[in-house]
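The values are calculated or read from the model by the stated rules, or taken from the named source; none is laboratory data. Since the model is a prediction, treat every value here as computed from it, not as a measurement. When we count neighbours, we look across all protein chains shown, and the Cβ atoms used for this are built from the backbone with ideal geometry, even at glycine.
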Amino acid sequence: MATESPFPDKEYTERHERAQKLMQRDGLDALIVSEKNNYWYFTGLISYQLDHIQRPQICILPKSGKPLLLIYGNDKPKAKALPWVGEVRDYVDVPFPREMIAGCIKEMGLGEAKLGFELGEDQRLGFPVNYLSALTEALPKAEIRDGTAALTEMRILKSPREIDFMRKACDISVKAYDRCLPQLRPGMTRREVADRLFISMIEEGAHPRHPGFLMLNASTRYDDRRYEKGDRMVADLGACYEGYYGDITRQSVFGKPTDEHKRDHETNCDVIDRCFESMKVGGAIAEVARVANRELVKRGYQAVESPKRIGHGIGMSRAEPPSLNEVETEVYRPGMVLALEPKVRSATSAVHMEEDLLITERGAEFLTTGRRELRVID
């Protein structure tokens, strides 16, 4: 049976080997992942059940050897076809047999092990927390620990193929925006604009089941409010390609732009350029928020209140570590993909633009284009 994974076999075995080295570092005997993106990251198993909270999917990755998957029975044939997966254990249907978690852990010889779960600030379990409580009773000699450090380290640095997918997601996002704008006219509702933007993402190559995300003027309430002449449209959108996101924000004006529109737009572009220039391998990420604030204040705009971030990591989630704010402890490392979005606020306006960039050995590289032009919708 052919697999549906977008990555070659080697990518998954390398992920497992990297995770196993991090387990050694962190004193863990296994990582147990169930959150949708972590599970997909380690297994490559594309499943409808990832959006079905009643049917957990669980991957148990030991510090040596292949992972065991505990899955809904309908997915068993696909799971057993994955060459990088070891054992597969399946259940019939709801209610989920929670005792199977402890049973699988014991079967793998991990009944007295140090087990890393998704317990940190940037993590979520893919099953109810009372299952974890029951697990401590079923495995009294095991240690339940937080596996966040290893999981964050895994996903914060992208592989070459992940970066290729994100380049494509960024390209789709920019082209979708360009495709959509000629279809817009003053008087259109936010719902009409949202419909056209989502359709444009699909037409440019985003997956129809989940093309991406969109906010219009900081809202996801696509309602009957109309854009009239003189209104500014701030579209924060990102296409999803093979499970990876782009994330851009663009400003357009219905009718003739005012001087304020032009000034805000130019300031946004300039501040992004100054931030971009500061992003060097090994440098403190926290510094970029200070750069943004210095540039904003110098131009007569409001500083961003700490610890509000001016950007974030992106990948399988549209926002993930690191945060681009003054309290971030990470440094720039090759393989990071970041969304940079300094906010431009004055007494009369609040707008922003957003660019995606890749940190390479040579420094930062923009993955998105087109921000310099303030688009007009007639």
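Just one of the numbered conditions (1) outside the structural domain of residue 239 (by TED's automatic domain parsing); (2) in a loop (DSSP other than H, G, I, E, B); (3) more than 22 Å from residue 359 (Cβ to Cβ) is not true of residue 185; which one?
(1)
Taking segment 132-152 only, how many residues are hydroxyl-bearing (Ser, Thr, Tyr) and at pLDDT below 95?
Filtering segment 132-152 down to residues hydroxyl-bearing (Ser, Thr, Tyr) leaves 133, 136, 148, 152.
When the remaining residues are screened for being at pLDDT below 95, the result is 133, 136.
Count: 2.
Sort through 155, 226 and tell me the only one that's of a type in the set (D, E, K, R), farther than 22 Å from residue 351 by Cβ, at pLDDT 95 or above and in contact with a Gly (Cβ under 7 Å, 6 or more places away or on another chain).
On the way: 226 fails: farther than 22 Å from residue 351 by Cβ.
Every option except 155 fails the conditions.
Are there any pairs, at least 6 apart or on different chains, whose C-beta atoms fall under 9 Å, with the first in segment 76-102 and among the hydroxyl-bearing types (Ser, Thr, Tyr) and the second not in a loop (DSSP other than H, G, I, E, B), and if so, which?
91/70; 91/71; 91/72; 91/73; 91/100
Before we move on, is residue 348 assigned by TED's automatic domain parsing to the domain that holds residue 171, hydroxyl-bearing (Ser, Thr, Tyr) and either farther than 19 Å from residue 217 by Cα or without any contact (Cβ under 8 Å) to a residue 60 or more places away in the chain (or both)? If you could, list the steps in order and put the result at the bottom.
Values: assigned by TED's automatic domain parsing to the domain that holds residue 171: yes; hydroxyl-bearing (Ser, Thr, Tyr): yes; either farther than 19 Å from residue 217 by Cα or without any contact (Cβ under 8 Å) to a residue 60 or more places away in the chain (or both): no.
So residue 348 fails the test.
When residue 200 is evaluated against the numbered criteria (1) surrounded by fewer than 19 Cβ atoms within 10 Å (Cβ to Cβ); (2) in a helix (DSSP H, G or I); (3) not charged (D, E, K, R), which criterion, by number, is the only one it fails?
If we test residue 200 against (1) surrounded by fewer than 19 Cβ atoms within 10 Å (Cβ to Cβ); (2) in a helix (DSSP H, G or I); (3) not charged (D, E, K, R), just (1) comes out false.
Within segment 214-239, work out how many residues are within 24 Å of the chain's Cα centre (by Cα) and part of a loop (DSSP other than H, G, I, E, B).
5
Just need a number here: residues in segment 20-34 that are of a type in the set (D, E, K, R) and over 13 Å from residue 154 (Cβ atoms). Step through it out loud before you land on a result.
Step one: of segment 20-34, the residues of a type in the set (D, E, K, R) are 21, 25-26, 29.
Retained after the next criterion (residues that are over 13 Å from residue 154 (Cβ atoms)): 29.
Residues meeting the conditions: 1.
Is it the case that residue 297 is in contact with a Cys (Cβ under 7 Å, 6 or more places away or on another chain), free of Cβ contacts under 8 Å to residues at least 24 places away in the same chain and in a helix (DSSP H, G or I)?
No: the conditions fail for residue 297.
What are the pairs with Cβ atoms under 6 angstrom where one residue, in segment 230-242, is outside the structural domain of residue 206 (by TED's automatic domain parsing) and at pLDDT 95 or above and the other, located anywhere, is assigned to a loop (DSSP other than H, G, I, E, B) and polar (S, T, N, Q)? Sequence gap at least six, or different chains.
none
Out of 292, 350, report the one residue that is in contact with a strand residue (DSSP E or B) (Cβ under 9 Å, 6 or more places away or on another chain), crowded, with 19+ Cβ neighbours inside 10 Å and not β-branched (Val, Ile, Thr).
Numbers: 350 fails: crowded, with 19+ Cβ neighbours inside 10 Å.
Answer to the selection: 292.
Just for helices (runs of 4 or more DSSP H) wholly inside segment 1-83: which have at least 2 residues that are of a type in the set (Gly, Ala, Ser) and within 23 Å of the chain's Cα centre (by Cα)? Before you say what the answer is, go through the steps one by one.
Numbers: elements: 9-26, 36-43, 76-80.
Hits in segment 1-83: none.
I need a count of the residues in segment 268-278 that are surrounded by fewer than 21 Cβ atoms within 10 Å (Cβ to Cβ) and of a type outside the set (Lys, Arg).
Here is the first cut: in segment 268-278, the ones surrounded by fewer than 21 Cβ atoms within 10 Å (Cβ to Cβ) are 269-270, 273-274, 276-278.
The next check asks that each one be of a type outside the set (Lys, Arg); those that pass are 269-270, 273, 276-278.
So the count comes out to 6.
Against the definition (modelled with pLDDT of 95 or more, acidic (Asp, Glu) and either part of a loop (DSSP other than H, G, I, E, B) or under 28 Å from residue 316 (Cα atoms) (or both)), how does residue 264 come out, yes or no?
On the way: modelled with pLDDT of 95 or more: yes; acidic (Asp, Glu): yes; either part of a loop (DSSP other than H, G, I, E, B) or under 28 Å from residue 316 (Cα atoms) (or both): no.
Judged against the criteria, residue 264 is not a match.
I'd like the full set of residues that are touching a Ser or Thr at 6+ places or on another chain (Cβ under 9 Å) and part of a helix (DSSP H, G or I), limited to segment 269-289. Spell out the reasoning first.
Taking segment 269-289 as the starting set, the residues that turn out to be touching a Ser or Thr at 6+ places or on another chain (Cβ under 9 Å) are 281, 284-289.
Residues satisfying the conditions are 286, 287, 288, 289.
All but one of (1) surrounded by fewer than 21 Cβ atoms within 10 Å (Cβ to Cβ); (2) touching a residue at least 40 places away in the same chain (Cβ under 8 Å); (3) among the hydroxyl-bearing types (Ser, Thr, Tyr) hold for residue 306, so report the exception by its number.
Result: residue 306 passes all but (2).
What tally of residues in segment 140-179 results from selecting those that are buried (at least 20 other Cβ atoms within 10 Å of the Cβ) and free of Cβ contacts under 8 Å to residues at least 40 places away in the same chain?
1
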